[in-house]
1. Would you tally the net charge around V56, using a Cβ to Cβ cut-off of less than 15 Å, leaving V56 out, and scoring K and R as +1, D and E as -1?
2. Excluding G194 itself, calculate the net charge of residues whose Cβ lies under 12 Å from the Cβ of G194, where each Lys or Arg counts +1 and each Asp or Glu counts -1.
3. Using a 10 Å cut-off around each Cβ, can you sort V75, V155, V215 from fewest to most neighbouring Cβ atoms?
4. Taking only Cα atoms and a 10 Å spring cutoff, compute GNM fluctuations for the chain and point out the largest among Q71, Q81, Q119.
5. Between region 176-202 and region 146-161, what is the separation of their alpha carbon centroids in Å?
6. Return the single residue from I200, I51, I72 with maximal mean-square fluctuation; model: Gaussian network over the chain, springs between Cα atoms under 10 Å.
7. Report, in debye and to the nearest 20, how large the dipole of the chain comes out about its Cα centre when Lys and Arg carry +1 and Asp and Glu carry -1 on their Cβ.
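Laboratory data are not the source of any read-out in this text; all were calculated from the coordinates shown. Computed from a predicted structure; not experimentally measured. Cβ coordinates were reconstructed from backbone atoms using ideal geometry, including for glycine residues, and neighbour counts include every protein chain displayed.
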Amino acid sequence: MFDWKWDFTIEILPRLILATFNTLMAAGVGYGIALIVGLIFALAQRTPIRIINWSVREAVEFIRSTPLVLQIFFVFYVGPQFDLRLSPWTAGMIAIGLHYASYLSEVYRAGLESVPQGQWEACRALNLSTRRTYFRIIIPQALPPALPGMGNYLVGIFKDTPMLSVIGVAELMHTANALGSESYRFLEPYTMVGIIFLAISLPTAFGLRTFETWVSKTLGMSKSKK
């Protein structure tokens with residue numbers, strides 16, 4: 001029988017709201033790491049130095065082929081055996097950041113390959129340095145086609161933050177489990193967690209699609225003026 005208690009829901013709401021901020025911070029920091037490291041992975045796979053190219057490509061494939069929860073356990077529990085002792089937050093951010101960096105590297109790679117070959121040839125003809133070629137010419141053109149994939153992984157990293165609860169990170173799922181264990185009531189905490197995730201994920205996805213449409217229209221207008 002459905003036995004929802006509103007007084008209990010109101011009582012636990014402040015703790016769930018605090019956990020929501022922790023979840024958003026975890027997703028934001030993890031995604032920031034993924035954006036930077038993913039770009040490094042993508043550029044490293046385009047280097048003419050074969051050992052770097054091969055090593056990074058194999059590392060990316062290994063990360064993509066193993067579960068995120070295993071990587072979280074590995075960083076937190078195996079790290080100390082190599083004198084790498086990290087707090088649950090730090091270990092979680094590193095694990096989730098590296099995991100999504102491997103996926104974003106493929107998004108970046110697709111964006112880089114979408115840039116017309118003539119742009120690369122023009123940079124070589126002008127004798128531009130590798131740094132200027134990428135950061136002034138190529139990457140600004142590669143990012144718009146990559147935006148849909150980048151947006152999808154932003155939502156994905158937010159939905160995967162509950163996995164951090166396995167090492168004690170006080171995000172939404174960890175807090176819901178604690179509330180349920182304390183009160184022996186799991187209906188309200190778990191339901192509220194689902195509602196909170198929906199309330200954040202759906203507007204975020206809509207906002208990202210709106211931004212992608214705006215970027216496409218802006219680029220289309222700029223090209224037509226030329």
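1. Values: positive: R46, R50, R57, R64, R109; negative: E58, E61, E106.
Surrounding charge for V56 is +2.
2. Here the charged neighbours net out to 0.
3. Listed from fewest to most nearby Cβ atoms, that is V215, V155, V75.
4. Looking only at Q71, Q81, Q119, the largest GNM fluctuation is found for Q81.
5. One Cα centre to the other: 22 Å.
6. I51
7. Details: 19 positive and 14 negative charges, 272 e Å.
For the chain, the charge dipole is close to 1300 debye.
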